[in-house]
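The values are calculated or read from the model by the stated rules, or taken from the named source; none is laboratory data. Predicted, not measured: the structure shown is a model, and the values here were computed from it. Heads up, the Cβs are rebuilt from the backbone with ideal geometry, glycines too, and the neighbour counts pull from every protein chain shown. Calculation scope for accessible area: heavy atoms of the full protein, side chains included, ligands and nucleic acids excluded. Shrake-Rupley method; radii C 1.70, N 1.55, O 1.52, S 1.80 Å.
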Amino acid sequence: MKTVKSQFKFAGGVHPDYNKELAREQPIERLPLPSELVISMSQHLGAPAKCLVKVGDFVRRGQIVGEKNGFISVCVRASADGKVKAVEKRLGPAGAKADAIVLDTTVKPDEGEPSAPDAPILPPLDWRSASREELLKRVEEAGICGMGGAGFPTAVKLNPPPGKRCEYLILNGAECEPYLTADYRVMLERAPRIRLGVEIMRKILGGPAVRIAVEANKPEAIAALEKAFADIDGNVEIVVLSVLYPQGSEKHQIFATVGRVVPEPPALPIDVGCVVENVGTVVAIADAVEKGEPLLERVTTVSGDAVAEPKNVLAPCGTKYSDLVAFCGGEKTAPAKVVSGGTMMGFAVSTLEIPTTKTTSGLLLLSGKKVFQYASGACINCGRCLRACPMGLNPALISKAVDANDIKAAEDAHVMSCIECGACSFGCPAYRTITQSCRRAKNSIRARIAAEKAKAAAAANK
């Protein structure tokens, strides 16, 4: 194993204020079990899980409460013992409502003892003797999805289609979003678990080379990984990336680590021989295989200048934001904005009654000193958004097309290649909501494609 400096730099990108010092030195703390959990059936990319329980049911920690509902989907398990007191639509971190179960964790079981938090839920596996198929099945039944972004089902990603082969397994430890330090603390405190997860994934994927991507502003994490991977066999490198947003983007990380370019959609990383996994996801795989522990909890950074004690909190999935804030000492001052995620790609939320999911990396409370109300102005054709866009798009052209409700023009300008990183909006001196325009166009195009497919299917069934 060796540590090398990245030899590749993608075009574009920006340098926001990172503000990571607020929570950077705070060790991971476990949140005491809240009295109520709201467990969403939509915690991942793809089809929401199908709810299996009803009001009045008592569920055990680790019990499947939502079954996988399609190829791109994962199961959902109860993150604690409790009684189901409601099954209803609940608001999620991105602003959409989804089916969720409301779990009262204060209710004791009618018979037997409460589930022990450290008791195996699934039979532990010896990864060395287990088959590739057994390991893949374990990842699927543990309900693991990507924990650093969209939440793509991990079992699907680790099982390339026929004709595709993974040559490089890339671990995403960049964590380039401002304020967020959850992945940093995982690398610092759980590097040996990351190594175990890598060993398991290498067996599943047929022994690819491994590249661990970490930004240069995390020297302590790099040192912890170097120690954990010091005697590992095979082609393994830690690649130190330059500090540049969005260095954690999957496509840009592939280029920065191995110099390969993922073509436009619908092309995927596996089309250039790569699989990228977040470091938190790697730890979840290790725990699922060795400990029999499904993905029931995750580390979330709670930060910002309006929260009393910024922390990195290990909390059960389904924990309400209000409980996270209370655990961090409450509000130091009334927040002007609350953001689910990071400031670049996160979503502003209007309530703290939203629950965490498997993909909740951060919760930010920002005061009026950090939040400024800007009025979107006319494009001044300065070209800053073009220079900032890491995908080489013309964001100004797309934004103007959306303003004119010309979605076809936006599609012709390759809006579907937009990764919604926010770099264009960040650099715009006219404060135009360019990223939101791209999202609007992409949603319209997806809706049109879905309608066309439904119409074609209906015609074929006549």
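You will find that of S131, S115, the residue that is in contact (Cβ under 8 Å) with a residue 24 or more places away in the chain and either at negative phi or open to solvent by less than 30 Å² (accessible area, probe 1.4 Å) (or both) is S115 and no other. Within segment 1-49, the set of residues being of a type in the set (A, V, I, L, M), over 28 Å from R446 (Cα atoms) and not in a loop (DSSP other than H, G, I, E, B) comprises V4, V14, L22, I28, L37, V38. Residues of segment 346-360 include at least one that is of a type in the set (K, R), within 30 Å of E67 (Cβ to Cβ) and open to solvent by less than 10 Å² (accessible area, probe 1.4 Å). I'd like to check which strands (runs of 3 or more DSSP E) are fully inside segment 207-295 and have at least 3 residues that are open to solvent by 10 Å² or more (accessible area, probe 1.4 Å). Hits in segment 207-295: none. Considering segment 8-28, the residues that are of a type in the set (K, R) and under 21 Å from the mean Cα position of the chain (by Cα) include one that is farthest from G280 (Cα to Cα), namely K20.
So in segment 318-332, with the set limited to residues that are out of contact with any Lys or Arg (no Cβ under 6 Å at 6 or more places or on another chain) and not in a helix (DSSP H, G or I), which one is farthest from P120 (Cα to Cα)? Across segment 318-332, the extreme among qualifying residues is K332.
Yes/no per residue for (1) open to solvent by less than 20 Å² (accessible area, probe 1.4 Å); (2) among the acidic types (D, E); (3) in the same structural domain as G13 (by TED's automatic domain parsing):
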site: K408; (1), (2), (3): no, no, no
site: E420; (1), (2), (3): no, yes, no
site: C424; (1), (2), (3): yes, no, no
site: A430; (1), (2), (3): yes, no, no
site: T435; (1), (2), (3): yes, no, no
site: K442; (1), (2), (3): yes, no, no
site: A447; (1), (2), (3): no, no, no
site: A454; (1), (2), (3): no, no, no
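Applying the criterion of being among the charged types (D, E, K, R) and over 15 Å from V262 (Cβ atoms) to the residues of segment 144-175, the residue that is surrounded by the fewest Cβ atoms within 10 Å (Cβ to Cβ) is R165. Restricting segment 372-401 to residues that are among the hydroxyl-bearing types (S, T, Y) and in contact (Cβ under 8 Å) with a residue 40 or more places away in the chain leaves a set whose member that is least open to solvent (accessible area, probe 1.4 Å) is S376. Among the residues that make up segment 321-333, is at least one of them in contact with a Pro (Cβ under 8 Å, 6 or more places away or on another chain), open to solvent by 10 Å² or more (accessible area, probe 1.4 Å) and of a type in the set (A, V, I, L, M, F, W, C)? Yes, the conditions are met somewhere in segment 321-333. Restricting attention to segment 29-58, the residues that are under 21 Å from the mean Cα position of the chain (by Cα), surrounded by fewer than 18 Cβ atoms within 10 Å (Cβ to Cβ) and of a type in the set (A, V, I, L, M, F, W, C) add up to 2.
Could you tell me whether K5 is more than 22 Å from the chain's Cα centre (by Cα) and either assigned by TED's automatic domain parsing to the domain that holds A224 or open to solvent by 40 Å² or more (accessible area, probe 1.4 Å) (or both)? Here the answer is yes, as K5 does meet what is asked.
For first residues located in segment 89-104 and free of Cβ contacts under 8 Å to residues at least 60 places away in the same chain, partners that are part of a strand (DSSP E or B) and hydroxyl-bearing (S, T, Y) and lie 6+ apart or on another chain with Cβ distances below 7 Å form the pairs A98/S40. If you take the residues of segment 90-106 that are surrounded by fewer than 14 Cβ atoms within 10 Å (Cβ to Cβ) and on the phi < 0 side of the Ramachandran plot, which of them is modelled with the lowest pLDDT? Only one residue fits best here, namely A96. Using the structure shown, decide if V14 is touching a Cys at 6+ places or on another chain (Cβ under 8 Å) and at negative phi. Taking the combined requirement at face value, the residue does not satisfy it.
Does I64 satisfy the criteria of being open to solvent by 30 Å² or more (accessible area, probe 1.4 Å), β-branched (V, I, T) and under 23 Å from D118 (Cα atoms)? Against the criterion (open to solvent by 30 Å² or more (accessible area, probe 1.4 Å), β-branched (V, I, T) and under 23 Å from D118 (Cα atoms)), I64 qualifies.
In segment 154-171, the residues that are touching a residue at least 40 places away in the same chain (Cβ under 8 Å) form Cβ pairs under 7 Å with partners that are of a type in the set (S, T, N, Q) and surrounded by 18 or more Cβ atoms within 10 Å (Cβ to Cβ), at six or more places apart or across chains, as follows: T154/T281; I170/Q253; I170/T257. Check whether at least one residue in segment 26-41 is of a type in the set (S, T, Y) and closer than 21 Å to E353 by Cα, and report yes or no. For segment 26-41, residues of a type in the set (S, T, Y) and closer than 21 Å to E353 by Cα: present.
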